[in-house]
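Throughout, read-outs are computed from the coordinates displayed, never taken from laboratory work. Keep in mind that this is a model prediction, so the values were computed, not measured. In this analysis, Cβ positions are derived from the backbone assuming ideal geometry, glycine residues included, and neighbour counts consider all displayed protein chains.
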């Protein structure tokens with residue numbers, strides 16, 4: 001494991017990033033935690049702060065399909081296609097989780113979501129097939145000031161997701 005800090009001295013969201021650090025250690029994820037002076041809660045902010053293109057920044061979304069939560073991971077240069085996801089899951093209604101549902105189900109606020117939280121493993125995880133060829137990527141780090149640099153293969157190894165076509169170009 002590699003733990004790295006780009007800018008030190010921030011305590012915002014430490015609880016979430018601490019849980020991400022614990023997850024990385026517990027599951028032996030080969031990853032690097034990065035800390036930023038500005039916030040990185042959106043793809044554009046993460047791209048600006050890190051220098052990574054949006055195509056290599058993965059969004060981790062909590063969706064409610066029917067009445068069941070799912071975690072969906074897709075690249076920042078693509079949008080969730082609700083119709084495709086609905087077909088894949090064989091349900092009529094699919095929506096993004098409300099902020100209160102994100103907090104309740106994942107124990108973090110929107111913008112702090114990471115695939116490397118123990119809570120994520122409680123739900124079925126779907127990775128968009130377009131993610132598979134992205135190589136080294138950034139994912140949420142558990143706070144508005146942290147990201148995790150990791151190879152897509154590590155994300156798949158640890159989360160054991162279904163790989164599906166659930167996105168479209170922006």
If I model a spin label at residue 101 and residue 121 as a point 7 Å from the Cα along the Cα→Cβ vector, what separation in nanometres do I get?
2.4
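Please express the shape of the chain as an equivalent ellipsoid: the semi-axes are the square roots of 5 times the eigenvalues of the C-alpha gyration tensor, given largest first in whole angstrom.
Details: eigenvalues 118, 55, 46 Å².
Sorted largest first and rounded, they come to 24, 17, 15 Å.
Full-extension gain between residue 37 and residue 92, please, as 0.36 nm times their residue separation minus the C-alpha to C-alpha distance.
Working: separation 55, 0.36 × 55 = 19.80 nm, distance 4.17 nm.
Once the chain is fully extended between residue 37 and residue 92, it gains 15.6 nm.
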Could you pull out which residues in region 124-147 have an amide N less than 19 Å from a spot 7 Å beyond the Cα of residue 165, following the Cα-Cβ vector?
126-134
Rounded to the angstrom and largest first, Cα extents along the principal axes for region 85-124 equal 28, 19, 14
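What is the calculated FRET efficiency for residue 22 to residue 136, with r their C-beta to C-beta distance and R₀ = 25 Å, to the nearest 0.05? Present the calculation step by step, with values, prior to reporting the outcome.
Values: r = 22 Å, r/R0 = 0.89.
Computed FRET efficiency for residue 22 and residue 136: 0.65.
Run lengths n ≥ 4 of DSSP H only: what is the helix-derived mean residue ellipticity at 222 nm for the chain, with -39500 (n - 2.57) per run over all residues, to the nearest 500? All intermediate terms of the calculation are to be shown ahead of the outcome.
On the way: 5 runs with 45 residues, N = 170.
Rounded to the nearest 500, it is -7500 deg cm²/dmol.
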Over the alpha carbons of region 85-151, what is the largest minus smallest coordinate on each principal axis, giving the biggest first in Å?
35, 32, 17
